[in-house]
1. Just to be sure I understand: if I project the alpha-carbon convex hull of the range 98-257 onto a plane and average over all orientations, what area do I get in nm²?
2. Charges only on Cβ, +1 for Lys and Arg, -1 for Asp and Glu: so what's the dipole of the range 2-82 about the Cα centre, in debye to the nearest 20?
3. Any idea how far apart residue 50 and residue 160 come out in nm if each label point goes 7 Å out from Cα toward Cβ?
4. Among the aspartates and glutamates, select those whose C-alpha is under 14 Å from the C-alpha of residue 53, and discard any that sit fewer than 8 residues away in the same chain.
5. Toward the positive end of the charge dipole of the chain, about the Cα centre and with charges on Cβ (Lys, Arg +1; Asp, Glu -1), which of 171, 54, 111 goes farthest?
6. Mind putting a number on the dipole of the chain about its Cα centre? Charges go on the C-beta only, +1 for Lys and Arg and -1 for Asp and Glu, and I need it in Debye to the nearest 20.
7. How far is it, in nm, from the label point at residue 40 to the one at residue 61 when both lie 7 Å from their Cα along the line to the Cβ?
8. Based on the Kirkwood radius over alpha-carbon pairs, what is the Stokes-Einstein translational diffusion coefficient of the range 2-82 at 10 °C with 1.306 mPa s viscosity, in µm²/s?
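The values are calculated or read from the model by the stated rules, or taken from the named source; none is laboratory data. Just so it is clear, the structure is predicted and the values come from calculations on it, not from any experiment. Every residue, glycine as well, gets a Cβ built from its backbone with ideal geometry; the counts of neighbours run over all protein chains shown. Surface areas here come from the heavy atoms of the whole protein model, side chains and all, with no ligands, DNA or RNA. Shrake-Rupley method; radii C 1.70, N 1.55, O 1.52, S 1.80 Å.
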Amino acid sequence: MYLLADIGNTRVKLAIFENNNNAPIYYKAIEHSNALDLVNALDEIKNNYSNIKNVFYSSVSLKVNDLFEDSVEDCFDINPYRVTHNDIKLKDNLYEPKDSVGIDRILSTYASICLDGYDDNNKYASIVIDMGTATTVSVMLSDFTFLGGMIIAGTKTSYQALSNITSLPYYEIGPISSIPNPINNNVKDAIMSGAIYNTIGTVNYAVLEAKKYIKSKYNIKSKIFLTGGISNLKLLKCKVYPFLVLQGIYFNMIYNK
């Protein structure tokens, strides 16, 4: 068994994988602003899964790395390995500079191709929409060439930005479990609804334009993958893959090793 972690801008996602299973047998997401929650989650894993061979993690929030590594070492007596761009088996990366693209974007697109299958006679482009603190649109060809994409303010991020630069009040948003009504008769619901519909419209148009560009430049079809944050709302007509970043770590660090 392996403990894998995806340290995002807001949360730490923890999962346990086995050698020949690309789906986690355990998963938990916690806010990384609370160190005690992280320690408690690791203790829970230790108590229920005693056969942890190694710990791999990726991170886009460097300030959390020391806390995570120290907590893992204290709990499991294992030095966790941080997955970097050098560990990912790409044909090419067109980003400039190459290591400036978020490691989560590389891992999620890589995993999408591994999960959907690939061969030289059936080339396609994988478009991964990750709806987290930032909503990212990332594109990788099925030969594992990373092309790039877009970075858009996430739903909650745009909501917070609006209250910061206007006189509109700020309301704490909890988990978003459903798409709200488009017409609202109070400020709180109107702002939250606007932020969500802003995300829906932006992402749909961004994906449409990305598909057109890929078709014109490479003459191949695109496949859409949705992950992260409010992807549970199923804002696009495509399948939701909640563990893509973690599965990217799995395919590069565990699978066939």
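1. Values: hull surface 43.6 nm².
Reported value for the Cα convex hull: 10.9 nm².
2. Values: 7 positive and 12 negative charges, 63 e Å.
I would put it at about 300 debye.
3. Between residue 50 and residue 160, the simple spin-label model gives 4.2 nm.
4. By straight Cα distance, residue 53 reaches 18, 73, 77.
5. Of the options given, the answer is 111.
6. Details: 24 positive and 25 negative charges, 245 e Å.
Here the size comes out at about 1180 debye.
7. About 1.7 nm separates the two model spin labels.
8. Working: Rh = 12.5 Å.
In µm²/s, the coefficient rounds to 127.
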